[in-house]
Amino acid sequence: MVKAEVKNLNFSYGEKQVLKNVSMPIYDNKITALIGPSGCGKTTLLRCFNRMHDLYKGAKYDGQILLHPDEVNILARDIDPMEVRMRIGMVFQKPNPFPKSIYENVVYGLKVRGIKRRSFLQERCEQSLQAAGLWGEVKDRLNSGAQMLSGGQQQRLCIARALAVEPELLLLDEPTSALDPISTSHIEDLIVDLKKTVTIVIVTHNLHQAARVSDRTAFMYLGDLIEFDETSKMFTTPSDKRTENYITGRFG
Amino acid sequence: MARPKLAEFTSANHPVRRIRRIKELLIEAVLFAAAASSVFVTLGIVYILVSESLPFFAHVSFTEFLTEREWTPLFAEPKYGILPLLCGTFLTTVIALLLAIPLGTIIATYLSEYANARAREILKPILELLAAVPTVVYGYFALLFVTPLLQKIMPNLPGFNVLAAGLVIGVMIIPYVSSLTEDAMRAVPGYLREASYAVGASRMQTAFRVVIPAAFSGISSAYILGISRALGETMVVAIAAGMQPNLTLNPTEPAATITAFIVQVSLGDLPHGSVGYQSIYVAGLTLLILTLTFNVIGFALRKRFREVY
Ligand SMILES: Nc1ncnc2c1ncn2[C@@H]1O[C@H](COP(=O)(O)OP(=O)(O)OP(=O)(O)O)[C@@H](O)[C@H]1O
Ligand SMILES: [Mg+2]
């Protein structure tokens with residue numbers, strides 16, 4: 001089952017082309033990892049999915065990303081980016097909780113959708129924090145500031161915030177790169193757990209992480225999608241020389 | 001020419017190093033003197049206000065000052081109740097803020113969250129121009145333009161009234177409020193906006209639910225500056241509000257503010273040392289205390305709401 005399909009995606013910042021004719025499927029309830037050397041366009045590709053580029057001037061793109069089951073092309077001009085972001089959540093590289101309470105952070109997306117019923121918000125807050133593996137640590141201080149949490153906790157809070165609105169697709173941009181090994185393994189377990197309910201695309205520099213958590217891996221190089229395959233196959237018998245060089249640590 | 005060795009310079013007694021030390025000391029002294037001068041000026045002002053006010057309270061009891069309902073220091077039978085002046089000051093300030101705070105915040109929100117570079121380039125100089133207009137001009141604008149306009153809606157409005165003065169002061173302080181508010185909003189890091197957009201928020205929701213609360217400490221400074229400007233504004237009220245101390249909260253009546261009283265009386269020829277003369281200083285001191293209070297509140301708000309991004 002395919003959740004989303006990238007088709008002939010080209011992207012440039014001004015004159016500088018960053019993605020070159022990228023096409024790949026994103027499988028339903030699977031984890032797809034994007035790997036590749038720094039600057040190859042992983043973040044750029046990820047941010048196409050939720051139209052984050054529309055916030056800034058100078059980004060030009062063409063091609064399609066079809067979101068199933070309704071096969072809507074989320075890159076189409078007549079599609080409102082807000083509608084896209086309602087369906088596709090994102091967690092950023094650096095934890096970015098709002099300077100609000102833990103509770104307000106989690107229910108922000110729901111409130112933005114006009115949901116006001118307190119009992120519903122509270123229930124959803126608990127569920128999302130449970131799903132993000134943070135509930136036990138914060139259940140007694142939901143009203144204290146999110147800034148009081150550790151970096152790893154803040155990142156799980158951001159995951160809870162994204163989960164609270166039940167996205168169909170969750171984008172993770174190096175979600176553990178700012179965290180210590182223990183928080184990292186915490187979040188990795190969490191990600192694997194989450195794929196039961198949500199399709200995930202994760203950018204990572206950590207090849208072990210890609211190997212541990214993902215089902216499919218895409219290797220990108222200088223804006224090209226070099227290879228896309230099942231993770232186990234990609235890491236054992238890559239078909240492209242460049243992929244092999246990268247995963248064996250010969251460049252990048 | 002032989003190049004001097006580095007080791008020579010590293011000796012603490014080398015002339016180059018000594019001169020450098022002396023230069024540093026000198027610079028530090030100059031900078032300190034500059035910083036200290038502002039403190040001395042402030043202390044001097046406070047000293048004069050207090051020392052000239054003290055004899056006043058030898059003639060007028062403190063209770064009379066605070067409870068008497070009239071302020072007529074120049075009459076044959078003078079009354080010294082500060083309430084009418086406080087009332088006038090309070091009323092003009094509130095009217096001005098009711099206009100300037102919402103409008104200034106909306107303008108700042110537009111400039112910081114919506115406007116593109118071009119719109120900003122056009123709008124900001126116009127706003128700054130608003131702050132550059134001399135206050136006398138604003139005064140006559142209130143008296144000769146705004147009041148007649150208001151009289152079309154309210155035929156009974158007297159020629160001198162608090163409403164027109166307050167509204168015009170409001171217009172006058174909009175640029176102060178909007179420019180500081182905009183600075184505070186633009187200082188909110190982009191990743192907080194992205195976090196908001198990423199869960200599906202609109203621009204307006206992002207501005208009002210994330211950016212403004214996150215910038216609250218800076219925005220409160222903007223509001224406090226607006227309040228201080230409105231409290232201290234003199235010309236507009238002196239020209240357009242009528243200079244009659246009036247214990248009322250009705251904005252359609254004439255009234256006088258503390259500042260308007262001060263200019264009115266200091267332009268006359270009161271004998272030095274008379275109670276009337278001293279009353280100017282008392283009024284000035286009262287204004288200083290008011291402004292100071294708001295600054296302290298502002299400081300407390302900033303500390304309380306300082307956001308760690
Ligand atoms: N806002 C921007 N304006 C112009 N060029 C940009 C912008 N953002 C990224 N780029 C360029 O686009 C290319 C791809 O950047 P991108 O951030 O997608 O790389 P990445 O694969 O995520 O790298 P990393 O692993 O370091 O995060 C880089 O060459 C980068 O310099
Ligand atoms: Mg990146």
query = Does B:SER221 count as within 30 Å of A:VAL107 (Cα to Cα) and either away from chain A (no Cβ under 13 Å) or buried (at least 22 other Cβ atoms within 10 Å of the Cβ) (or both)?
reply = yes
ask   = Considering region B:233-277 alone, what residues qualify as being surrounded by fewer than 14 Cβ atoms within 10 Å (Cβ to Cβ) and in a helix (DSSP H, G or I)?
value = B:SER266, B:LEU267
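Determine whether A:GLU123 is away from ligand 1 (no atom under 16 Å from the Cβ), free of Cβ contacts under 8 Å to residues at least 60 places away in the same chain, farther than 23 Å from B:GLY200 by Cα and away from chain B (no Cβ under 11 Å).
On the way: away from ligand 1 (no atom under 16 Å from the Cβ): yes; free of Cβ contacts under 8 Å to residues at least 60 places away in the same chain: yes; farther than 23 Å from B:GLY200 by Cα: no; away from chain B (no Cβ under 11 Å): yes.
Judged against the criteria, A:GLU123 is not a match.
I need the full set of residues from region A:6-27 which are within 16 Å of ligand 2 (Cβ to nearest atom) and surrounded by fewer than 16 Cβ atoms within 10 Å (Cβ to Cβ), in order please.
Matches in region A:6-27: A:TYR13, A:LYS16.
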request  = Hey, could you check region A:44-63 for residues that are within 11 Å of ligand 1 (Cβ to nearest atom) and buried (at least 18 other Cβ atoms within 10 Å of the Cβ) and say which is farthest from the other protein chains (Cβ to nearest Cβ)?
outcome  = A:LEU45
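With respect to A:ILE88, is the statement that it is away from chain B (no Cβ under 14 Å) and closer than 16 Å to A:GLU168 by Cβ true?
Values: away from chain B (no Cβ under 14 Å): no; closer than 16 Å to A:GLU168 by Cβ: yes.
Criteria not met by A:ILE88.
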task = Sort out which residues of region B:180-210 are part of a helix (DSSP H, G or I), facing another protein chain (nearest Cβ under 10 Å) and hydrophobic (A, V, I, L, M, F, W, C), and write them in order of number.
result = B:LEU192, B:ALA195, B:ALA198, B:VAL210
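When residues of region A:148-200 are filtered for being assigned to a strand (DSSP E or B), within 16 Å of ligand 2 (Cβ to nearest atom) and either more than 14 Å from chain B (Cβ to nearest Cβ) or among the hydrophobic types (A, V, I, L, M, F, W, C) (or both), how many remain?
Keep residues of region A:148-200 that are assigned to a strand (DSSP E or B), which gives A:169-173, A:199-200.
Right, trim to within 16 Å of ligand 2 (Cβ to nearest atom) and you get A:171-173.
Checking which are either more than 14 Å from chain B (Cβ to nearest Cβ) or among the hydrophobic types (A, V, I, L, M, F, W, C) (or both) leaves us with A:171-172.
So the answer is 2.
Name the single residue, out of those in region A:170-186 being crowded, with 22+ Cβ neighbours inside 10 Å and closer than 28 Å to A:LEU121 by Cβ, that is farthest from ligand 1 (Cβ to nearest atom). Before you say what the answer is, go through the steps one by one.
First pass over region A:170-186, keeping only residues crowded, with 22+ Cβ neighbours inside 10 Å: A:170-172, A:175-176.
Okay, now just the ones that are also closer than 28 Å to A:LEU121 by Cβ, so A:170-172, A:175.
Details: A:LEU170: 17, A:LEU171: 12, A:LEU172: 12, A:PRO175: 12 Å.
Among them, the one singled out is A:LEU170.
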request  = Consider A:ALA132 carefully, then state whether it is without any contact (Cβ under 8 Å) to a residue 60 or more places away in the chain, within 16 Å of ligand 2 (Cβ to nearest atom) and either within 19 Å of B:ARG203 (Cα to Cα) or not β-branched (Val, Ile, Thr) (or both).
outcome  = no
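Throughout, read-outs are computed from the coordinates displayed, never taken from laboratory work. None of the values given here were measured: they were computed from a predicted structure. When we count neighbours, we look across all protein chains shown, and the Cβ atoms used for this are built from the backbone with ideal geometry, even at glycine.
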